[in-house]
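Comments concern the structure below.
The numbers here are math on the coordinates, done by the rules we state, and not lab data. This is a predicted model, so every value here is computed, not measured. Cβ coordinates were reconstructed from backbone atoms using ideal geometry, including for glycine residues, and neighbour counts include every protein chain displayed.
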Amino acid sequence: MNPFRYPTKQHRRRERPPATNNYHDFKPFLRREFERKCIYCRLPDTLRGESNFAVEHFKPKDLFPELLTVYSNLFYVCSSCNRRKWNIWPAAKEIKQGRFFPNPCANVMDKHIRYKNALVIPRSHAGVFLEEVMMLNTDENGIAFRKHIIRQLERLVTLQKQLQLALRTMRLQRRKLGDPLKIAELDRMRAETVAELDQARLDGQFLAGEADLPPESRADAHAAGV
Ligand SMILES: [Zn+2]
């Protein structure tokens, strides 16, 4: 199970934020718009906290100051990708040759780049360019982190299967029990197992960045190691 996936469809912006002179005001809108994941490396912000995510100027603000607060030029990215992209913007000639940054509003990302386990497989010149700039296949820390998440998710899937099996066994046992005390004991165990299963599901959603959480508080608590 790999939570690192690029969109297979082009994104149409849904949010309609009011105009502002401060592009930071757009962050909560961008966070919702792009489902709390970095558009470049697909890291969910549930894992590193919203404070480690930034408003990204797709066309760099130093080169295109007129787009500083234009919502359609803004995206949601992790701070590593934001730092790496910085002021990089390919020349017109390079763009013509396919060396451009793909973005989910203008491109089907999956056609340019795809994850296989913790590494990416570029599928176009733009995908190669994105991989190079964001160091998706060369940043050892990033790769180790993704491997860790993928392994944890696999463990959670195994745990869920074991708990479901245990619940089935308990259901069968219960039918054979006559002693009310033993039934009560079994029911207590079942309730504990159900709670454990629910928690395993929530943990899985959290790791995959799909948890439906009350956003900031939970993300910040996690970033603070609570
Ligand atoms: Zn990123």
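If neighbour count is taken as other Cβ atoms inside 10 Å, put ASP198, ASP110 in order from fewest to most.
Numbers: ASP198 11, ASP110 17.
By the 10 Å Cβ count, ascending: ASP198, ASP110.
From zero outward in steps of 10 Å, how is the percent of C-alpha pairs of the chain spread across the bins?
7, 27, 29, 17, 9, 6, 3, 1, 0
On a 26 Å Cα-Cα criterion, which of the cross-link pairs LYS37/LYS111; LYS59/LYS96; LYS37/LYS96; LYS27/LYS59; LYS59/LYS111; LYS37/LYS93 come out too long? Intermediate results must be reported in sequence, preceding the final value.
Working: LYS37/LYS111 18 Å; LYS59/LYS96 16 Å; LYS37/LYS96 28 Å; LYS27/LYS59 17 Å; LYS59/LYS111 21 Å; LYS37/LYS93 31 Å.
Violating the 26 Å limit, Cα to Cα: LYS37/LYS96; LYS37/LYS93.
Full-extension gain between LEU202 and ASN21, please, as 0.36 nm times their residue separation minus the C-alpha to C-alpha distance.
Working: separation 181, 0.36 × 181 = 65.16 nm, distance 3.83 nm.
Contour length minus the Cα-Cα distance gives 61.3 nm.
Per the Cauchy relation, a quarter of the hull surface: what is the mean projected area of the convex hull of the alpha carbons in the stretch 23-139, in nm²? Don't skip to the answer; put the middle values down first.
Numbers: hull surface 28.1 nm².
So the Cα hull casts an average projection of 7.0 nm².
Name the long-range amide H neighbours of ARG114: under 5 Å, sequence gap of 5 or more, or other chain; modelled H, no Pro or chain starts.
Amide H neighbours of ARG114, under 5 Å, 5+ apart: ILE121, ARG123.
Using Cα pairs under 8 angstrom and six or more residues apart, how large is the relative contact order of the stretch 54-126, in percent? All intermediate terms of the calculation are to be shown ahead of the outcome.
Values: 68 pairs, mean separation 17.1, N = 73.
Computed value for the stretch 54-126: 23 percent relative contact order.
Return the calculated 222 nm mean residue ellipticity for the chain, to the nearest 500 deg cm²/dmol, obtained by summing -39500 (n - 2.57) across DSSP H runs with n ≥ 4 and dividing by the residue count. If you can, show how the numbers build up before the last one.
Values: 9 runs with 111 residues, N = 226.
The per-residue figure over the chain is -15500 deg cm²/dmol.
Nearest 0.05, what FRET efficiency do GLN162 and ASP212 give at R0 = 22 Å with Cβ-Cβ as r?
Working: r = 25 Å, r/R0 = 1.14.
After rounding to 0.05, the efficiency reads 0.30.
Which parts of the stretch 107-148 would a label at TRP86 reach, counting a residue when its backbone N lies under 15 Å from a point 7 Å out along Cα-to-Cβ?
133-135
Ratio of alpha-carbon Rg to the 2.2 N^0.38 Å globular estimate for the stretch 142-223, to two decimals, please. Show your work: numbers first, answer last.
Details: Rg = 17.2 Å, N = 82, 2.2 N^0.38 = 11.7 Å.
Normalised Rg, Cα atoms only: 1.46.
Determine the gain in length on full extension of the stretch MET135-LYS116; use 0.36 nm per residue of separation and subtract their C-alpha separation, reporting nm with one decimal. Mind dumping the intermediate values first?
Numbers: separation 19, 0.36 × 19 = 6.84 nm, distance 1.52 nm.
Stretched out fully, the MET135 to LYS116 stretch lengthens by 5.3 nm.
Would you list ARG5, ARG12 from fewest to most Cβ contacts within 10 Å?
ARG12, ARG5
Taking 22 Å as R0, compute the FRET efficiency from the Cβ-Cβ separation of VAL194 and ARG155 and round it to 0.05. Write down the numbers at each step before the final one.
On the way: r = 19 Å, r/R0 = 0.88.
The computed FRET efficiency comes out at 0.70.
Which residues does the label zone of SER72 cover in the stretch 87-108, counting backbone N under 15 Å from a point 7 Å along Cα→Cβ?
Flagged as within label range: 103-107.
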